[in-house]
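Every number here is computed from the coordinates shown, using simple stated rules; none is lab data. Predicted, not measured: the structure shown is a model, and the values here were computed from it. Cβ placement follows ideal geometry from the backbone for every residue including glycine, while neighbour counts extend to all protein chains displayed.
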Amino acid sequence: MTFKHELIELPELKSSLNFGRRLYETPVGDLYPSVTTVLGVMSDKSGIDEWRARVGEEEADRITQAAAARGTAVHAMCEDYVLNKEQNLAAKSPIYVAVYKQLEAEIKANITTIYGVETPLYTDKHRLAGRVDLIAEYKGELAIVDHKTSNSVKRKDWIQNYYHQVALYAYMLYERTGMMAKKGVIMIGVENQEVPQIIEFNIADYIKPALKIVKDYHAKY
C-alpha cells in the first residue's frame, strides 16, 4: 500500500538530556521539557515500585530493557511503513515483526492521508515540546495516532498518561498550525496476540487535565 502524503512543514527541534530529562530547543532558543518527561515525572510510580520490589531489581531491569528494545524496533517499522519505505522484515526479530504486523494491519485498514510522521511540536504558552508519532486521517477524521507495544492488554486506568500525551500533541499541533485533531488513537501491539489493542477517544476530554499536569510540573520545577 502507498500512503498519500501532505506533510506539514515545521522547524526541526534539537534535543538533549539533562539529568535524565529530555529538553527541546525551540527556534528562538527556549528550552522546553518533552511531553514524555513531564508526564513521567508527574505520574504516580507507586505501582511500578511495587512491581520492581515483587520481581526483583535485576528481573525488572531485564523486562524494562526488553520492552524498550521492542518498542523502538516496532516504532521504526511503523514509521517506515507510513513513509512508504521498503522494509526487509526477514532480517528483523520475528517477535518484533509479529507485533508490528498487528499495527500494520490496523494502519492499512484505517489510515489514509499522512500529515506528519515524528513531527516536532511545541507550545510557547505552556513551555512544552515533543515529537508526535503520526498525524493522519483515521477513518476519515484528522487524528493524533500513537504507537505502543506491550506484553499484555492494558486497562484504561493504567495508561492515563497515553491519553494525556496524545491530547498534548493535539494542543501543540493546533497552536503551531491551526489544525484541530479531535480524535485520539492509541494503537498497542501486544505480544502473543493476533490483533492490537485499539483505543479511540475524544481528545477534548483530556486537554484540560493534561495541561493541568504541565502547569503543576512548571510550578514544581
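What the table below lists for this structure:
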read-out: Per-residue Cβ neighbour rank within 10 angstrom, fewest leading, 17, 211, 134; value: 17, 211, 134
read-out: The stretch 80-114: GluC sites (Glu not before Pro) falling in loop per DSSP and having at most 13 other Cβ within 10 Å; value: 86
read-out: Label-zone membership for the stretch 130-166, site residue 66, 7 angstrom Cα→C-beta point, backbone N under 12 Å; value: 151-152
read-out: The chain: calculated mean residue ellipticity at 222 nm from DSSP helix runs of at least 4, using -39500 (n - 2.57); value: -14000 deg cm²/dmol
read-out: Candidates per trypsin sites (Lys or Arg not before Pro) in the stretch 134-212, loop by DSSP, up to 10 other Cβ within 10 Å; value: 155
read-out: Under 15 Å, Cβ to Cβ, from residue 192 - net charge with Lys/Arg +1 and Asp/Glu -1; value: +1
read-out: Potential lengthening between residue 80 and residue 160 on full extension [0.36 nm per residue; Cα-Cα distance subtracted]; value: 26.0 nm
read-out: Shape of the stretch 1-144, Cα gyration tensor, a/c cut at 1.5; value: oblate
read-out: Distant alpha-carbon pairs in the stretch 7-60 (separation over 14 angstrom), percent; value: 66
read-out: Separation between Cα centres of the stretch 1-75 and the stretch 153-221, rounded to whole Å; value: 14
read-out: For the stretch 45-220, fraction of C-alpha pairs farther apart than 29 Å, in %; value: 24
read-out: Sparse-neighbourhood loop sites, GluC sites (Glu not before Pro) in the stretch 153-221 - DSSP loop, at most 16 other Cβ within 10 angstrom; value: 191, 194
read-out: Per-residue Cβ neighbour rank within 10 angstrom, fewest leading, 169, 221, 122, 162; value: 221, 162, 122, 169
read-out: Proxy reagent accessibility, fewest Cβ within 10 Å first, across 172, 42; value: 42, 172
read-out: Nitroxide proxy distance, nm - points 7 Å out along Cα→Cβ at residue 16 and residue 49; value: 3.1
read-out: Rounded if a/c under 1.5, otherwise prolate or oblate - the stretch 106-165, Cα gyration tensor axes; value: oblate
